[in-house]
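To start, the structure itself, in structure tokens.
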Amino acid sequence: MALAEKHCVPCRGGVPPLRGAELEKLREQVSGWQAVNEHHLQRTYSFPDFRQALDFVNAAGAIAEQEGHHPDLHLSWGKVGVEIWTHKIDGLTESDFILAAKLDRIPRS
């Protein structure tokens, strides 16, 4: 099943963050995302103006609420920076990659 078809699972802690080959296997499924220090995912989306960047942020917020998993969103003119990680374990879980895949599906003009 594709990552974007799955749903985020709440992390209750007590599990180790993803590392190494396991992390890289998931990262390969979300093109354009970087796994920074095996701690968080990061990507910047570009837009032709502020309004479309804001629309993306609003759509991302709706997905985050639906999934119960919330990224850091950085809005500026013509771009949105996104950082995702599971705060409960201070690292990456499969849910972070699921959310990244869902954000990649947001339509952009």
State the number of residues belonging to region 45-60 that are of a type in the set (S, T, N, Q) and either within 19 Å of residue 33 (Cβ to Cβ) or without any contact (Cβ under 8 Å) to a residue 24 or more places away in the chain (or both). 2
Looking at (1) in a helix (DSSP H, G or I); (2) under 20 Å from residue 24 (Cα atoms), can you tell me which one residue 65 breaks? (2)
Only one of (1) under 13 Å from the mean Cα position of the chain (by Cα); (2) in a strand (DSSP E or B) does not apply to residue 100, and that is (2)
Return yes or no: is residue 106 out of contact with any strand residue (DSSP E or B) (no Cβ under 8 Å at 6 or more places or on another chain), assigned to a helix (DSSP H, G or I), among the β-branched types (Val, Ile, Thr) and surrounded by 13 or more Cβ atoms within 10 Å (Cβ to Cβ)? no
Tell me yes or no: at least one residue of region 61-68 is touching a residue at least 24 places away in the same chain (Cβ under 8 Å) and closer than 16 Å to residue 108 by Cβ. yes
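The rows are residues; the columns are (1) among the aromatic types (Phe, Trp, Tyr); (2) at pLDDT below 95; (3) surrounded by 12 or more Cβ atoms within 10 Å (Cβ to Cβ).
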{"site": "4", "(1), (2), (3)": "no, yes, yes"}
{"site": "9", "(1), (2), (3)": "no, yes, yes"}
{"site": "24", "(1), (2), (3)": "no, no, yes"}
{"site": "29", "(1), (2), (3)": "no, no, yes"}
{"site": "32", "(1), (2), (3)": "no, no, no"}
{"site": "35", "(1), (2), (3)": "no, no, yes"}
{"site": "57", "(1), (2), (3)": "no, no, yes"}
Failed item, numbered, when residue 43 is tested on (1) touching a Gly at 6+ places or on another chain (Cβ under 7 Å); (2) crowded, with 20+ Cβ neighbours inside 10 Å: (2)
Within region 8-64, of all residues that are aromatic (Phe, Trp, Tyr) and closer than 19 Å to residue 102 by Cα, the one farthest from the chain's Cα centre (by Cα) is 47
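The values are calculated or read from the model by the stated rules, or taken from the named source; none is laboratory data. As the structure is a prediction and not an experimental result, all values here were calculated from the model. No Cβ is skipped: glycine too gets one built from the backbone with ideal geometry, and neighbour counts run over all protein chains shown.
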